[in-house]
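Asker: Quick one: the structure is below, and I'll ask about it shortly.
Quick note: the coordinates plus some simple rules give every number you see, no bench work behind them. The model shown is predicted, which means the values in this text are computed figures rather than measured ones. So basically every Cβ, Gly included, is an ideal-geometry build from the backbone, and we count neighbours across all protein chains shown.
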Amino acid sequence: LGRPEADTVRCHAMNLLGVGLYQAQHLEEALSVREAALSMARRLGGPAEHILTLQGNLANLYGQLGQKEQALRLRRDVYAGTLRLHGEEKEHTLIEANNYAMNLLDLRRFEEVKLFLRKMLPVAQRVLTDSHLITLKMRCCLAMALHD
């Protein structure tokens, strides 16, 4: 590109390339671009929230490519980082908790799902209410873990 690594236009171009490849279902190529974007953000000392977003997007892509263990590792890091940044009783943290639980469920780690959601579901009920979509998703995930 001929631009410095920290150049805003370069960073945006890289992001758009990753999004375009993903939308065109070129998942392996999108993975390479997203891994490079995460590496660059870390090297440049990007904001923690931005790095967590990049990690979450990468976790989703790993999951779609069947790399479930790698997806889980990243999802756990995203949850832990979000918890550190925002605390337990924030909607964003509870969304990431649900994402992490879903990854555990996908790997059939039912006992871990049960332990984790028995801790997080009461928080979601208190913070978001029983009828909130995230609370309902957590209940559904826990029910599936209990069923198997």
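Asker: Helix-only estimate, please: 222 nm mean residue ellipticity of the chain, summing -39500 (n - 2.57) across DSSP H runs of length 4 or more and dividing by its residues, to the nearest 500.
Answerer: Computed mean residue ellipticity for the chain: -27000 deg cm²/dmol.
Asker: Right, something else. When only C-alpha pairs under 8 Å and at least 6 residues apart count, what is the relative contact order of the chain, in percent?
Answerer: The normalised contact order for the chain reaches 14 percent.
Asker: In the chain, which helices (entire DSSP H runs) extend 15 Å or more along their own long axis, judged by Cα positions, while averaging at least 1.0 on the Kyte-Doolittle scale? Intermediate values should be presented prior to the final figure.
Answerer: Working: long enough: 8-23 (22 Å, 0.53); 27-43 (24 Å, -0.05); 48-64 (24 Å, -0.01); 68-86 (26 Å, -0.79); 91-106 (22 Å, -0.30); 110-128 (24 Å, 0.43); 133-147 (21 Å, 1.32).
Passing helices, by number: 133-147.
Asker: Here are a few candidate values for Cα Rg over 2.2 N^0.38 Å: (1) 1.15; (2) 1.03; (3) 1.49. Which one was actually calculated from the structure I just gave you?
Answerer: Among (1) 1.15; (2) 1.03; (3) 1.49, the one calculated here is (1).
Asker: I need the peptides 11-21, 58-68, 93-103 ranked by packing, meaning the mean over residues of other C-beta atoms within 10 angstrom, with the highest value on top.
Answerer: By packing density, highest mean first, the sequence is 93-103, 58-68, 11-21.
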